[in-house]
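One structure below.
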Amino acid sequence: MIGRTLGHYRVLEPLGSGGMGVVYRARDERLEREVALKVLPEDAVAEPTARARLLREARTASSLNHPHVCTIYEVGEDGGQIFVAMELVEGQPLRELIGATGLPVATVIRYGIQIADALAHAHEHGVVHRDLKSANVMITREGRVKVLDFGLARRATGGSGPADATRSLSLTETGAIVGTPHYLSPEVLHGGEADHRSDIWALGVMFHEMAAGTLPFQGQTTFELGAAIMQAAPPPLPASVPAGLRAVVTRCLEKEPAHRYARAGEVEAALEAIQSGAAPVSTPATPVSRKTIRPRARQGARARVPVWMTSPCAVTTVSASTFSRIVP
């Protein structure tokens, strides 16, 4: 691809790759600026589903206009190759900035406010990210957050029945779980539909990761990791983390979706209150519970086996062939 021109974009160098596509630095010859150009991997160019996913990502992300969300410029096709031109974000992934002991509390709060703000904007426009993680958050040289990669995002259907779940999986394998293992919420592991509360769970995972330097749930195998997410309490945060931030992380990581924050905007407001030194903003809360998510069984029937134990998983950081053993 290096040196090739797609539309009026000249490909300069590779920037990264993932399950949803390959990203290059490119030169917009018409507007004389550099952009990020996402294209399909060579072996997926002719695959209708892959093309549909890339187009869905572009359409979903292009509906968002926010300073902390990567901007989509154009979708085009040249020689049978679909490409998406987007804002080139210069900086580092958040994952690479988190040290072994985490980030300073002030930095966690500052980044957290910006990520929650971007997520609130997406949710207000009916977009659920479904793959929020530290690798999908870029920190610019000026210290600003940019949320990337809406490759697994979907528009909220507004319903919760089987028909809605089917629509949300229309571009994935039937019965598959989409997302990145360590950030999946308990309800998604049990085959439930990912919604804005699942994004808030992933937000809590990131907050813990930033504050402690480690992910809250670990496992040497798929089974161990899934069991920890569904049943185990997250480990205590370092003593240096103030009580207000601990409370925010704890509420984001409630096993029951109804016990989490109802909206990302509430998370943003709570963090802003901590940053200003005021008492965290409180919202009408459902009593906090340490209840774990368990399969429901109909009377006289055996409990359903969680779908993550029986279905193939579409993940973004671990290939399906290696998903059987996850090393943190």
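Nothing in this text is a laboratory measurement; each read-out follows from the coordinates by a stated rule. Predicted model, so just to flag it, every value in this text is computed and none were measured.
What aspartates and glutamates sit close enough to LYS38 to cross-link, taking a C-alpha to C-alpha distance under 15 Å and skipping anything fewer than 8 places away on the same chain?
GLU13, ASP28, GLU57, GLU74, GLU77, ASP78, GLU87, ASP149
Long-range amide H contacts for CYS70: which residues qualify at under 5 Å (H placed 1.01 Å from N, peptide plane, sequence gap of 5 or more or a different chain)?
Answer set, sorted by chain and number: VAL147.
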